[in-house]
Amino acid sequence: MMQKWILLCGICLVGLKVHSQNFAIKSNILYDATTTINLGVEFALTDRLTLDISGNYNPWKFSQGEKEVDGTIIPEHTARLKYWMIQPELRLWTCEKFQGHFIGFHGQVGQFNVGGLTSLPGGWGDGTTGDDGEHIYDGVQYKRFQGWITGAGVSYGYHWMLTDRFSLEFTLGLGYAYLSYDKFGIQDSDLKEASKYMHYFGPTKAGITAVFMLK
């Protein structure tokens, strides 16, 4: 994982050297709210074309006490929302770079280790109902999922300049993602139950991002 962050920093430094007069450092406020460490950079390629690269990292684990969800008692366990993800995006601006509206074409790749999140609605995740019509508790409240994700999509965004140096950016993207993962029981000592994959279509990017411009 460290090599990936070194590579990302190297790309950032190259962009800073070549396009220091059209360079931005960014942080997604939505990801900040989920305690995800995130950093983004964006630099100009032409007058109307920019390259945005964002990296997200969440290493946290936390204890969960006994709780009842959907009538089922979930014992004390260690919950986690651990993942890293890199999202590069090529942006075409309708008027001028770093001003107003843009269309983006993004990719994404990452790994995740998520489970025991009893704060989510019952059954969220890997399905809720068996062939007999009864609940099978396979969601992220009751299980742990570990694997990787890759995908791509198209996004729309708006860049709102507040001062010469500071601005806000609003982004929403839709697309496709492929997930390959192993499913475990909720406790750390539980063995692997299955290996699965999933094709996902829907939102692939969202952001309310604070942007600091370097000129």
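The values are calculated or read from the model by the stated rules, or taken from the named source; none is laboratory data. The shown structure was predicted, so the numbers you read here are calculated from the model rather than taken from an experiment. As a convention, Cβ positions derive from the backbone with ideal geometry for all residues, glycine included, and neighbour counts pool all protein chains shown. Protein only, heavy atoms only, side chains kept; ligands, DNA and RNA dropped before computing areas. Shrake-Rupley method; radii C 1.70, N 1.55, O 1.52, S 1.80 Å.
Residue 79 falls short of the stated requirement of being at pLDDT 90 or above and either over 30 Å from residue 161 (Cβ atoms) or in contact with a His (Cβ under 9 Å, 6 or more places away or on another chain) (or both).
Here is a check on your reading of the model: is residue 34 at pLDDT 80 or above, within 20 Å of residue 146 (Cα to Cα), polar (S, T, N, Q) and not in a strand (DSSP E or B)?
Considered against the rule, which asks whether it is at pLDDT 80 or above, within 20 Å of residue 146 (Cα to Cα), polar (S, T, N, Q) and not in a strand (DSSP E or B), residue 34 comes out as yes.
The residue that is modelled with the lowest pLDDT, among those in region 168-199 that are open to solvent by less than 80 Å² (accessible area, probe 1.4 Å) and charged (D, E, K, R), is 190.
Yes/no matrix, rows are residues, columns are (1) outside any strand (DSSP E or B); (2) open to solvent by less than 20 Å² (accessible area, probe 1.4 Å); (3) over 14 Å from residue 108 (Cα atoms):
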{"residue": "155", "(1), (2), (3)": "no, yes, no"}
{"residue": "164", "(1), (2), (3)": "yes, no, yes"}
{"residue": "201", "(1), (2), (3)": "no, no, no"}
{"residue": "206", "(1), (2), (3)": "no, no, no"}
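Can you tell me how many residues in region 37-67 are open to solvent by less than 80 Å² (accessible area, probe 1.4 Å) and at pLDDT 85 or above?
Here the count works out to 19.
Tell me whether region 151-167 contains one or more residues that are among the β-branched types (Val, Ile, Thr), within 18 Å of residue 31 (Cβ to Cβ) and modelled with pLDDT of 85 or more. There is no residue in region 151-167 that is among the β-branched types (Val, Ile, Thr), within 18 Å of residue 31 (Cβ to Cβ) and modelled with pLDDT of 85 or more. Restricting region 73-101 to residues that are open to solvent by 50 Å² or more (accessible area, probe 1.4 Å) and assigned to a loop (DSSP other than H, G, I, E, B), the residue that is nearest to residue 59 (Cα to Cα) is 76. A search for C-beta distances below 6 Å between a residue of region 46-60 that is free of Cβ contacts under 8 Å to residues at least 40 places away in the same chain and any residue that is surrounded by 14 or more Cβ atoms within 10 Å (Cβ to Cβ) and not in a strand (DSSP E or B), counting only pairs 6+ apart in sequence or on different chains, returns 58/36. A residue that is at pLDDT 95 or above, within 18 Å of the chain's Cα centre (by Cα) and under 30 Å from residue 164 (Cα atoms) cannot be found anywhere in region 111-130.
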